[in-house]
Amino acid sequence: MRIDSIPKLEKWRKKCQREYNSRKRKIFVCLGEACLANGSAEVYDEFKKELKKRKLSDVQVESAIKTGCHGFCALGPLVIIEPEGTFYTKVKVKNVAEIVEKTIKNHEVIDRLLYKDKKTKERIAEYGKIPFYEKQQRISLRNVGTIDPYKISDYIAVGGYTALSKALTDMSPKQVIDEVSKSKLRGRGGGGFSTGRKWATCAKVDDEPRYVICNGDEGDPGAFMDRTTMGSDPHSVLEGMILCAFGIGSTQGYIYVREEYPLAVVTLQNAIDEARDSGILGDNILGTDFCFDIKINRGGGAFVCGESSALMKSIAGEVGEPRAKYVRSVVKGLNDKPTVLNNVETFATIPVIIDKGAKWFAKIGTKTSTGTKVFSLAGKINNTGLVEVPMGISLREIVYDIGGGIPKGRKFKAVQTGGPSGGCLPAEKLDLKVDFDSLTEAGSMMGSGGMIIMDDRTCMVEIARYFLSFLVQESCGKCVPCREGLYQLHKICAKICEGQGTMEDIELMEKMSLTIQKASLCGLGQSGPNPLLSTLMYFKDEFITHVKDKKCPAGVCRDLIKFVITDDCTGCMACIKVCPVDAITGEKKKIHILDQELCTQCGSCFDICKFDSIEIK
Amino acid sequence: MVLIQINGKMVKAHEGEMVLSVLRREGIEVPALCDHQALEPGGSCRLCMVEITKADWDGWTKNVTSCLYPVEEGLIVSTHSEGVLEIRRNILDMLLARCPNSDVIQKLAEEHGVMKTSFDTLPDSDNCIMCYACTRVCEVLGKSAISAVMRGHKKVIASPFGDAPPDCIGCLSCAHICPTNVILWKDENGKRTIWNKSFDLITCKKCGKETISREFADYLLEQRDIPADYFETCDDCKRMELAFKMGGLVDGAEEVAI
């Protein structure tokens with residue numbers, strides 16, 4: 001059905017809302033990537049089958065709703081039952097009959113499937129009361145997990161495209177840009193450049209056509225914010241792009257999606273098709289003179305294509321290599337024409353700003369970093385998943401209150417923010433307020449929002465080496481400092497991990513890092529040494545121990561460690577079972593023996609031992 | 001015309017011109033390995049970095065590659081500040097590790113005070129600094145027979161799938177433009193070999209000297225308005241013919257040439 005006027009959209013919205021609300025009981029089954037991998041598609045099918053079989057009058061078959069990611073990926077597959085908000089974790093096919101029987105039919109809550117708070121050991125029934133969700137404020141993720149990403153009617157029912165109809169009826173393009181400027185929204189892709197200023201500069205350039213590009217080439221290790229938004233609420237991204245196009249006067253947009261996100265491509269393409277059929281995309285949007293269309297471009301698997309100028313080259317069909325940006329992309333971007341490129345999260349935030357107003361948005365967060373930011377928590381943390389928090393929240397609140405702390409009661413050691421361009425912050429920095437400027441000042445950066453938590457079993461030299469190896473593989477190789485410099489830094493770092501490093505090596509790394517930062521062509525190289533420099537800034541002792549004492553305090557670097565079974569061994573045989581090379585022998589309740597000749601220093605025995613009777617020497 | 005300041009001296013520059021081109025005109029020496037007048041600037045060697053600032057930047061400075069930075073009114077450029085020299089030294093240090101046997105790099109490094117690389121050198125280096133001059137000139141000629149493949153440190157200049165490049169016409173532009181002379185070629189017994197591809201050479205009808213490859217000649221004839229027999233004689237013979245013509249000795253030309 002093609003909507004050719006704004007009043008008709010509002011009429012359609014009423015119909016969508018009626019339909020959306022008619023389902024008295026809703027069973028939301030998360031079909032995000034993490035839950036899918038744990039079998040949520042089968043759970044969803046089972047719900048449909050079960051509901052059909054029982055012919056429950058007030059719960060229709062459709063009320064099992066496929067949703068995108070709820071964010072609490074550590075506990076998937078997740079099932080939420082509305083209107084009560086009952087939140088079931090790790091649901092399996094065999095639980096479905098019981099849920100329908102008890103919860104749907106008899107309004108009973110199944111305790112066993114509820115979330116259990118790690119601290120209080122209490123079971124929490126309601127979605128909103130779980131600490132993981134309680135401290136969050138969801139703007140960019142507002143619809144994620146509550147609507148079916150494959151239905152435009154769901155998005156419209158929850159207020160989607162309201163901002164667009166507002167802009168088209170009451171606002172001029174300049175007013176749209178002004179509103180974004182006033183909200184002080186800063187780009188969520190990592191750079192943190194003012195979105196309003198970017199749009200305003202592009203709108204002023206006297207050249208045509210102008211392009212809108214959405215950067216969905218999220219490639220930082222451990223980051224999956226944009227994947228979730230594109231896969232779970234694709235229309236919010238489209239609406240943000242349409243508003244941008246209206247503001248700057250563009251008729252063509254592109255979404256550049258990372259090759260590794262096939263599900264996002266499917267949901268986005270479906271959303272584009274639906275929007276086109278409904279008259280929200282394409283010629284004469286909602287019956288006005290405004291025309292704009294969007295095309296999806298799939299990346300080829302290169303990290304550097306997330307860099308804006310390389311991305312534009314890739315869209316143009318050239319090799320994805322960056323160019324010097326002394327003339328900015330807002331002036332000469334895609335095909336040398338003025339281009340606005342923003343990240344997925346930035347675009348997803350725009351409709352809310354236009355809808356609720358810049359003033360409302362600017363009140364959230366801090367003065368210079370307004371609004372909320374989505375982070376993906378990964379690594380050694382209890383609650384792995386996606387969180388959206390107001391800017392200015394402390395790292396401690398994210399790690400301990402929302403993230404639920406470190407598993408197995410281990411000690412927090414560092415948090416890596418900003419991906420390969422960011423850095424590692426130590427425990428002393430846990431009270432740091434998370435915003436663009438504080439993170440940069442502390443030697444890391446906001447980046448796109450990846451957050452990898454590390455415990456005391458993480459070797460910081462090895463972490464620096466890991467990030468360098470990532471960058472060596474992903475450097476495009478166009479300029480000397482990034483190609484040769486990072487390669488040499490990685491070689492030296494690996495040497496230190498093997499116990500072959502010298503103090504001069506550390507000095508050389510510091511010296512060369514500065515040149516790489518200053519002399520590289522694009523952001524990848526310029527920020528490439530950051531993970532190394534920040535670990536050198538906060539964990540230099542660990543580097544020195546590797547060099548001088550030839551020891552790895554965290555017990556990770558295999559050439560520098562030896563595992564030893566102490567006299568405290570209770571003879572539980574747990575280590576014998578996990579040892580992959582059968583290096584440990586012994587009998588029950590007798591001290592076990594580790595054969596150093598066979599041992600490969602993998603650390604499995606150390607990690608499994610409950611009695612701390614394996615030492616790292 | 002815009003006015004910029006270079007190392008304390010006011011200099012006039014053309015609008016839209018790059019800083020490096022002004023430096024060249026003013027005779028200020030700045031190393032630049034990937035730069036060539038026949039090519040668009042590439043910005044890959046990073047040696048032509050300079051430090052820029054402006055009067056209203058509050059003392060803030062920025063390092064930019066002069067080959068790619070367009071001049072602006074009031075730009076203040078220093079080409080030999082300590083910061084810039086340090087960057088050049090370190091980049092040459094990295095290049096020396098990659099190309100330890102290249103005399104071009106060795107000489108340039110020595111000139112900048114880098115006698116020995118601080119890093120482990122690359123075993124069996126081919127001395128290529130990956131400046132893309134060869135692929136860019138091939139593109140300018142309209143052929144793009146070779147290109148850079150792989151990425152990062154593994155990046156190399158290669159023909160498609162490592163085979164003899166189908167589009168190569170044996171013009172040798174890549175070999176001649178290479179700043180470190182690493183592209184090998186051979187003319188022997190009327191044949192030219194480059195990139196594992198063999199070409200027939202044209203022999204001068206008058207003196208019998210080998211000139212350019214047949215494919216190159218055909219390509220030029222197709223691209224430009226040139227007489228069909230233009231490449232049948234060598235440049236020397238053509239010059240001689242012209243000289244005789246100008247001296248009114250048209251008929252004698254052939255005899256003397258032989």
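Helices (runs of 4 or more DSSP H) fully within segment A:187-259 that include at least 2 residues being at pLDDT below 95 and surrounded by fewer than 24 Cβ atoms within 10 Å (Cβ to Cβ): none found. When B:A38, B:A32 are screened for being hydrophobic (A, V, I, L, M, F, W, C) and modelled with pLDDT under 95, only B:A38 passes. Only residues that are over 26 Å from B:E110 (Cα atoms) and in contact (Cβ under 8 Å) with a residue 60 or more places away in the chain were counted in segment B:1-58, giving 7. Within segment B:56-88, the residues that satisfy the criterion of being more than 10 Å from chain A (Cβ to nearest Cβ) and part of a helix (DSSP H, G or I) are B:D56, B:W57, B:E82, B:L85. Residues considered: A:K491, A:K551. Of these, the only one that is assigned to a helix (DSSP H, G or I) and free of Cβ contacts under 8 Å to residues at least 24 places away in the same chain is A:K491.
I'd like to know if segment A:536-545 contains one or more residues that are within 25 Å of B:A97 (Cα to Cα), outside any helix (DSSP H, G or I), touching a residue at least 60 places away in the same chain (Cβ under 8 Å) and aliphatic (A, V, I, L, M). Checking segment A:536-545: not a single residue is within 25 Å of B:A97 (Cα to Cα), outside any helix (DSSP H, G or I), touching a residue at least 60 places away in the same chain (Cβ under 8 Å) and aliphatic (A, V, I, L, M). Considering only residues in segment A:513-552 that are within 24 Å of the chain's Cα centre (by Cα) and over 20 Å from A:I452 (Cα atoms), the one that is farthest from the other protein chains (Cβ to nearest Cβ) turns out to be A:G523. The set of residues from segment B:123-140 being assigned to a loop (DSSP other than H, G, I, E, B) and either surrounded by 19 or more Cβ atoms within 10 Å (Cβ to Cβ) or within 13 Å of chain A (Cβ to nearest Cβ) (or both) comprises B:P123, B:S125, B:C128, B:I129, B:M130, B:C131, B:Y132.
A single member of A:E388, A:E428, A:E462, A:E484 is over 26 Å from A:P553 (Cα atoms), more than 14 Å from chain B (Cβ to nearest Cβ) and not in a loop (DSSP other than H, G, I, E, B), and it is A:E388.
Residues satisfying the criterion are absent from segment A:109-124 (criterion: part of a loop (DSSP other than H, G, I, E, B) and assigned by TED's automatic domain parsing to the domain that holds A:K356). B:L47: aliphatic (A, V, I, L, M) and facing chain A (nearest Cβ under 10 Å), yes or no? Taking the combined requirement at face value, the residue satisfies it. If the condition is being surrounded by 13 or more Cβ atoms within 10 Å (Cβ to Cβ), touching a strand residue (DSSP E or B) at 6+ places or on another chain (Cβ under 7 Å) and of a type outside the set (G, A, S), then segment A:111-131 contributes A:L113, A:L114, A:Y115, A:K116, A:D117, A:R123, A:I124, A:E126, A:Y127, A:I130. Give the residues of segment A:465-478 that are within 7 Å of chain B (Cβ to nearest Cβ) and under 26 Å from A:P553 (Cβ atoms), sorted by residue number. Passing the criteria: only A:V472. Restricting B:P160, B:P165 to those that are buried (at least 20 other Cβ atoms within 10 Å of the Cβ) and under 19 Å from B:T135 (Cα atoms) reduces the list to B:P165. Among the criteria (1) hydrophobic (A, V, I, L, M, F, W, C); (2) touching a Gly at 6+ places or on another chain (Cβ under 9 Å); (3) surrounded by 15 or more Cβ atoms within 10 Å (Cβ to Cβ), the one B:A55 does not fulfil is (3). Here A:N343, A:N284, A:N270 are screened, and the one residue that is under 30 Å from A:M454 (Cβ atoms), in contact (Cβ under 8 Å) with a residue 60 or more places away in the chain and not hydrophobic (A, V, I, L, M, F, W, C) is A:N343. Taking the numbered list (1) within 14 Å of chain B (Cβ to nearest Cβ); (2) assigned to a helix (DSSP H, G or I); (3) within 30 Å of A:I561 (Cβ to Cβ); (4) free of Cβ contacts under 8 Å to residues at least 12 places away in the same chain in turn, A:D505 passes all entries but (4). Does segment A:324-339 contain any residue that is closer than 26 Å to A:A163 by Cβ and in a helix (DSSP H, G or I)? Yes.
The values are calculated or read from the model by the stated rules, or taken from the named source; none is laboratory data. These figures come from a predicted structure and were not determined experimentally. We place every Cβ from the backbone using ideal geometry, glycine too, and count neighbours over all the protein chains shown.
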